[in-house]
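Everything below concerns the one structure shown next.
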Amino acid sequence: MNERPQWRTALDALLPSAKLLYRLATDNRVPSRTRLLSLAALAYTLLPIDLIPDSIPILGKVDDFGLVAIALVRLVNDAGPEVVREHWDGDDETLEAFLNAVAFLDSLIPARVRRLAAIIDR
């Protein structure tokens, strides 16, 4: 069997991933709090105001990346597998790669941040 290179799978996932995230962020079956978090993370990333200024090498992007990662993981997890599959435009192999990437991001979120998010959710 001829396996696809990882770079090709990542490239194939770009457009379907963007469409999926947009569709999940506008789907009423996804909790409104989660959708709001996603939009807030996007706005925070695009706005010039940061907790850690982008001018600080490496650290300046950590807050942006962390917030986007948390919002992405939350959006996909809170939507559930059925809704994610319904909105996915790519092939099954690319969806699996996307979900593996989301699971990897999820594993990077520290327990302390998870506890804080749980407190905020109450």
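Values in this text are rule-based calculations from the coordinates and carry no lab data. Note that the structure is predicted; figures quoted are calculated from it, not measured. Cβ: placed from backbone, ideal geometry, glycine included. Neighbour counts: every protein chain shown.
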Filter the trypsin sites (Lys or Arg not before Pro) in the range 29-86 down to the DSSP loop ones having no more than 15 other Cβ atoms within 10 Å, then list what survives. Arg29
Here the residues of the range 75-110 lying in the modelled label zone of Leu15, meaning backbone nitrogen under 12 Å from a point 7 Å along Cα-to-Cβ, are 89-91
Compute the long axis of helix 32-46 from its Cα atoms, compare it with the longest principal axis of the Cα atoms of the chain, and write down the angle in degrees, 0 to 90, nearest 10. 80 degrees
Given 4 °C and 1.567 mPa s, compute D for the range 6-121 with the Stokes-Einstein relation, Rh being the Kirkwood radius over Cα pairs; round to the nearest whole µm²/s. 86 µm²/s
